[in-house]
Amino acid sequence: MAYYNYWQDEYARRNTMHTKMVEQAGADRNLFQGSPWSHHIDLKFPEIFNTGSPYNIPAGHSADLGALRAHYEKKNVEVEEKRIAKLKEMAGEREILQRRKEVEEALLADKKAPSILQWMGLQRPE
């Protein structure tokens, strides 16, 4: 008799474990379906919208990507302007350091410092 009761106990344990797992899966599904959806989708490239087949698509059935294109062009222009400003700032610092070095060398050699016109390349050195 104990032999048969062992299997009944094992089946009861398995059924209890499976019931708990199904209840947990249902609670998880309810949690995920009840949570608010984020409308933000990070795109690696704007052409991801047009990855479908270009054949047999009636006219007017693709999305207008003008606003999306304008957004990415504006973003690209802003990044490019920041990069150019940083390069100009670095070039300006380099010119100032070069000018300071020339003046210091001229003072150390007891020579006349080059004029601003000579420095800009508009006048020949004396």
(request) Pick out the one residue from PRO58, PRO54, PRO36 that is outside any helix (DSSP H, G or I), modelled with pLDDT under 90 and farther than 30 Å from GLU73 by Cα. (result) PRO36
(message) One residue is enough: does region 71-82 have a residue meeting the conditions hydrophobic (A, V, I, L, M, F, W, C) and either modelled with pLDDT under 75 or more than 16 Å from the chain's Cα centre (by Cα) (or both)?
(response) no
(message) I need every pair where a residue in region 77-105 that is surrounded by 10 or more Cβ atoms within 10 Å (Cβ to Cβ) has its Cβ under 7 Å from the Cβ of a residue that is of a type outside the set (Phe, Trp, Tyr), sequence separation at least 6 or different chains.
(response) GLU102/PRO114; VAL103/ALA113
(message) So the check is Cβ under 7 Å with 6+ separation or different chains; which pairs have a first residue in region 49-71 that's among the basic types (Lys, Arg) and a second one that's part of a helix (DSSP H, G or I) and at pLDDT 70 or above?
(response) ARG69/PRO46
(request) Would you confirm whether any residue within region 44-51 is assigned to a helix (DSSP H, G or I), among the acidic types (Asp, Glu) and either touching a strand residue (DSSP E or B) at 6+ places or on another chain (Cβ under 6 Å) or at pLDDT 75 or above (or both)? (result) no
(message) I want to confirm something. Restricting to region 105-126 and keeping residues that are part of a helix (DSSP H, G or I) and under 45 Å from the mean Cα position of the chain (by Cα), which single residue is modelled with the highest pLDDT?
(response) ILE116
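The values are calculated or read from the model by the stated rules, or taken from the named source; none is laboratory data. Predicted model only: the values in this text are computed from it and were never measured. Here the Cβ is made from the backbone with ideal geometry for all residues, glycine too, and neighbour counts use every protein chain on show.
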